[in-house]
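All remarks here apply to the structure that follows.
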Amino acid sequence: MKHLVVLTGAGISAESGISTFRDSDGLWERYRIEDVATLDAWHNDKALLTDFYNQRRKQLLEVKPNYGHIGLVELEKLFQVSIITQNVDNLHERAGSSSILHLHGELTKVRSERYEELVYELPPDKYEVKIGDLCEKGHQLRPHIVWFGEPVPMIGKAAEITQQADILLIIGTSLNVYPAAGLVNYVRPDVPIYLIDPKDVAINRKNVFHIKKGASEGVREFVERVIVSD
Ligand code: OAD
């Protein structure tokens, strides 16, 4: 079976009702990164950040995977599929994909602010974390999110997976944020790259096929194209 590596970003969850970051109604239009997505912000106001991520988690309980996520599960009949996602939502998991790597962390997990290896999965219906909720060693729990300026621990593993791709499929990311955006440079030279995004995204490679559509329609078209070419 060929290995299909899929790099996803906020755009794949847009049709589920989660806004992206950099579109006109995006999260970074409403909040400043420095206020809610850096370690300094956390030290500045832990209550504000705890509340911000509680709201993001609450929203997760109200949304469902769309055909963009579900189509990637169906593709497992045709390919070995590895998903590398920049998203912190759990919609790939809920759709049923079997191999998912989260580059930027996971909303449904929290960890000790002191001991980063102490990571806890929240119960499925619990979205609220409070100041005073502690790890087993007595330190405050923080969101299990990679904030700006923090290392991206999974990037090495993601690069390894990308090197093994026979096809790379990129869905719904503006490729503005590194090191995630640099993963496209790890694909072997002749590997075709499919891009599903309603807008243009700069990718400095040959063999890029742009399906200029939203995630659901775009994944449908990708499935049709690969079935025809097989
Ligand atoms: P962006 O908001 O930067 O980009 C979203 C992309 O999705 C854009 O290219 C849109 O055109 C596209 N898009 C919008 N609607 C779509 C749809 N229905 N179907 C398909 N694509 C659609 O989001 P990301 O590239 O994911 O990091 O952002 C990368 C990182 O920046 C995030 O993981 C987050 C953010 O700050 C952290 O928080 C560390």
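Side notes on the structure shown:
- Inter-label distance for Lys212 and Arg188, nm, one decimal - labels placed 7 Å from Cα along Cα-to-Cβ: 3.2
- Label-point separation, Lys64 to Arg30 (7 Å along Cα→Cβ), nm: 2.2
- Cα-based Lys proximity count in the chain, under 14 Å, for pairs eight or more positions apart or on separate chains: 9
- Computed over neighbours whose Cβ is under 15 Å from that of Val5, the net charge equals 0, Lys and Arg +1, Asp and Glu -1.
- Listed values for the stretch 108-122 are Karplus-derived 3J(HN,Hα) couplings in whole Hz (6.51 cos²θ - 1.76 cosθ + 1.60, θ = phi - 60°), namely 7, 10, 10, 8, 5, 6, 9, 10, 5, 7, 8, 10, 10, 7, 6, and x replaces Gly and Pro.
- J(HN,Hα) series, the stretch 200-210, from Karplus relation 6.51 cos²θ - 1.76 cosθ + 1.60, nearest Hz, glycine and proline x: 6, 10, 6, 10, 8, 9, 8, 6, 9, 10, 8
- Extension reserve of the Ile227-Arg94 stretch, reckoned as 0.36 nm per residue once the Cα distance is removed: 45.4 nm
- Modelled label positions at Asp45 and Asp133, each set 7 Å beyond Cα in the direction of Cβ, lie 2.0 nm from each other.
- 18 Å tail of the calculated P(r), the stretch 36-152, as % of Cα pairs: 54
- Helical contribution to [θ] at 222 nm, DSSP H n ≥ 4, -39,500 (n - 2.57), averaged over the chain, rounded to 500: -8500 deg cm²/dmol
- Amide H to amide H, with H built 1.01 Å from N, Ile84 comes under 5 Å of Val6, Leu7, Thr8, Leu101, counting only residues 5 or more places away or on other chains.
- Å³ per residue enclosed by the Cα convex hull of the chain: 119
- Taking the longest Cα principal axis of the chain as reference, the axis of helix 215-229 is set at about 30 degrees.
- P(r) weight above 17 Å for the stretch 1-69, C-alpha pairs, percent: 56
Values in this text are rule-based calculations from the coordinates and carry no lab data. Note that the structure is predicted; figures quoted are calculated from it, not measured. Ideal geometry is used to build each Cβ from the backbone, glycine not excepted, and the neighbour counts take in all protein chains shown.
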